[in-house]
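For reference, the structure discussed in these notes is given below.
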Amino acid sequence: AIVISVPGDEPTIQGAIDAASDGDTIRVSPGTYWELIDTHSKRITLESLSGPEVTIINANGTGTAVKVDAAAGETPIIRGFTIKGGGGPGDGGGVIVTGGPALIEDNWIIDNAGCIAGGIGAYASAATIRDNRIASNTQWCADGGGIFIGAAGTVQVIGNTIEDNSSGSGGGIGMNAAGAPS
């Protein structure tokens, strides 16, 4: 396992993810990164060096800001970012997490919009969503302005601040065929 720095080793977060192998850590310096992120089913740790106040992933309304697909036994980690500006015609504005036990921790997920899941969408997932600020997200098709949990997962939602999200149903958290969340 190696540590890849952004922008030192790779100029973009997605470039660092593409260059990473399972077990690697990507450390991101402060700044605003205007890009969409997809972990491509890699077991990596993606973390900011200085926290969400100064390290921002801004999707600029062009799609889901961060996609995390984890196979069984994989534990990708997303920690310490402001994730904002996610949106578009599909599901999930801020973060979409599917599959194995991903950890979404210590992020500010704000000002995103999606058809389902404005802030975070967890589908058939064993993710842990912990200690995030999930605020001012909007969903317009179904449930889950802040968080949407669906498709029979075992999602854990622990110690988050969920506020000022909007939805026709489930402004804070919406669930449908959610499995066994806690």
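The values are calculated or read from the model by the stated rules, or taken from the named source; none is laboratory data. Keep in mind that this is a model prediction, so the values were computed, not measured. Quick note on the areas: whole protein, heavy atoms, side chains included, nothing else; ligands and nucleic acids left out. Shrake-Rupley method; radii C 1.70, N 1.55, O 1.52, S 1.80 Å.
A full extension of the chain between residue 141 and residue 49 corresponds to an added length of 29.5 nm, given 0.36 nm per residue minus the alpha carbon distance.
Values (1) 16.5; (2) 22.5; (3) 15.5 are given for comparison; Kirkwood radius over Cα pairs in Å, derived from the coordinates here, is the one labelled (3).
Per residue, the accessible area of the chain comes to 38 Å², computed with a 1.4 Å probe over protein heavy atoms only.
For segment 83-134, the gyration tensor built on C-alpha atoms gives an oblate shape. Its axis ratio a/c (a ≥ b ≥ c) is at least 1.5, and a/b is not larger than b/c. In terms of its C-alpha gyration tensor, segment 103-179 comes out oblate, because a/c is 1.5 or above while a/b does not outweigh b/c.
Shown in residue order for segment 50-63 are the 3J(HN,Hα) couplings computed by the Karplus curve 6.51 cos²θ - 1.76 cosθ + 1.60 at θ = phi - 60°: 10, x, x, 4, 10, 10, 10, 9, 10, 7, 6, x, 9, x Hz (x for Gly and Pro). Carbon and sulfur: what percent of segment 20-150's accessible surface (1.4 Å probe)? Whole-percent figure for carbon plus sulfur exposure: 51.
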